[in-house]
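Below: one structure, written as structure tokens.
The values are calculated or read from the model by the stated rules, or taken from the named source; none is laboratory data. No experiment lies behind these values; they were computed from the predicted model shown. So basically every Cβ, Gly included, is an ideal-geometry build from the backbone, and we count neighbours across all protein chains shown.
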Amino acid sequence: MGGRRSVFVVSMMAFGFAFLYVPILSMIVYSFNESRLVTVWGGFSTRWYAALLHNEQLLGAAQLSLKIAAINATGATLLGTLAGLALARFGRFRGRALLTGMVTAPLVMPEVITGLSLLLLFVALEQVIGWPAGRGITTITIAHVTFSMAYVAVVMQSRLATLDESLEEAAMDLGARPLKVFFVITLPIVLPAILAGWLLAFTLSWDDLVISSFVSGPGSSTLPIVVFSKVRLGVSPEINALATILVLIVTIGIVTAGMYMQRQERRRERDVQQAVAARG
């Protein structure tokens, strides 16, 4: 009975991974296709990568998306960390329920409603105070920070809730001030969570289409908007080449972040063992 169950579990896992990754592998293979038809193999070639380097529209949209994603990830990480810290450490305070609702609302709110509400807000602000002047990189960045900081706050709240506060208390008992305790004890421990939140916010911003469509204007089309507009007219081999490059970049980023987190975790465990040994 156990053998049948294990075979079933392995088979379902293999099917699930194949369902997820076979299309991506197929896209990578066809990015080296000589033929203009993306579903017909015409021989190995890198011509579409060369064509991509001369496609100013795609490169400009990628550069804009990269800039917005970096600014958004930094801002969302800062605000989300502060929100997570307040929810995890400050106990019950006046306005906690309101803050919790504001933090979690973007997680469950449909993107269409979020994009439409932000568009109406930006239009009203422009009419009242004259800012922001039109829709562009500023409105897209504000919109992305609005919803991505909620994900960072959840990550940070979860990490801070499991943090052993006795380490901070021991440091303060030894005479360290709260600010020094935060930078020396708390920050190194939660740094992997901060990095994970930054990467999550960056990915959400880079991948967003619906909200960006509402708050963008002429000359500020992000990469997902440009790709979606091109796909509706037919998939171009250049899109396969661009997607392959993005998959490579994301893979490198995930592997690098994973190695860094593992190194930090091993260092933390080693420090704890040394502290225990010194105490003993």
*Which one is nearest to the chain's Cα centre (by Cα), of the residues in segment 66-99 that are assigned to a helix (DSSP H, G or I), under 23 Å from residue 182 (Cα atoms) and small (Gly, Ala, Ser)?*
73
*Considering each of 188, 192, 178, 218 in turn, give the residue that is touching a helix residue (DSSP H, G or I) at 6+ places or on another chain (Cβ under 6 Å) and modelled with pLDDT under 90.*
192
*What helices (runs of 4 or more DSSP H), lying completely within segment 152-254, carry at least 2 residues that are buried (at least 18 other Cβ atoms within 10 Å of the Cβ)?*
165-173, 187-207, 210-215, 223-231
*Can you find even one residue in segment 103-120 that is charged (D, E, K, R), within 15 Å of residue 216 (Cα to Cα) and out of contact with any helix residue (DSSP H, G or I) (no Cβ under 8 Å at 6 or more places or on another chain)?*
no
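Yes or no, residue by residue, for (1) over 30 Å from residue 238 (Cβ atoms); (2) without any contact (Cβ under 8 Å) to a residue 24 or more places away in the chain; (3) of a type outside the set (Ser, Thr, Tyr):
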{"residue": "51", "(1), (2), (3)": "no, no, yes"}
{"residue": "54", "(1), (2), (3)": "no, yes, yes"}
{"residue": "63", "(1), (2), (3)": "no, yes, yes"}
{"residue": "79", "(1), (2), (3)": "yes, no, yes"}
{"residue": "83", "(1), (2), (3)": "yes, no, yes"}
{"residue": "97", "(1), (2), (3)": "yes, yes, yes"}
{"residue": "110", "(1), (2), (3)": "yes, yes, yes"}
{"residue": "128", "(1), (2), (3)": "yes, yes, yes"}
{"residue": "157", "(1), (2), (3)": "yes, no, yes"}
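Let's see how each residue does on (1) buried (at least 21 other Cβ atoms within 10 Å of the Cβ); (2) among the aliphatic types (A, V, I, L, M); (3) modelled with pLDDT of 95 or more:
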residue	(1), (2), (3)
63	no, no, no
85	no, yes, no
90	no, no, no
95	no, no, no
103	yes, yes, no
*Do we have residue 203 as farther than 21 Å from residue 132 by Cβ, of a type in the set (S, T, N, Q) and under 21 Å from the mean Cα position of the chain (by Cα) here?*
yes
*asked:* Just to check your reading of the model, which residue among 20, 37, 25 is exposed (fewer than 10 other Cβ atoms within 10 Å of the Cβ) and free of Cβ contacts under 8 Å to residues at least 24 places away in the same chain?
replied: 20
*Does residue 231 meet the test of being out of contact with any Ser or Thr (no Cβ under 7 Å at 6 or more places or on another chain), free of Cβ contacts under 8 Å to residues at least 40 places away in the same chain and either farther than 30 Å from residue 118 by Cβ or not aliphatic (A, V, I, L, M) (or both)?*
no
*Somewhere in segment 109-122, is a residue surrounded by fewer than 18 Cβ atoms within 10 Å (Cβ to Cβ) and among the polar types (S, T, N, Q)?*
yes
*Given (1) within 14 Å of residue 221 (Cβ to Cβ); (2) touching a Gly at 6+ places or on another chain (Cβ under 7 Å), index of the condition residue 58 fails*: (2)
*asked:* residue 48 - would you say it is aromatic (Phe, Trp, Tyr) and loosely packed, with under 14 Cβ neighbours inside 10 Å?
replied: no
*Which of the following residues is farther than 17 Å from residue 86 by Cβ, of a type in the set (S, T, N, Q), free of Cβ contacts under 8 Å to residues at least 12 places away in the same chain and in a helix (DSSP H, G or I): 146, 138, 114?*
138
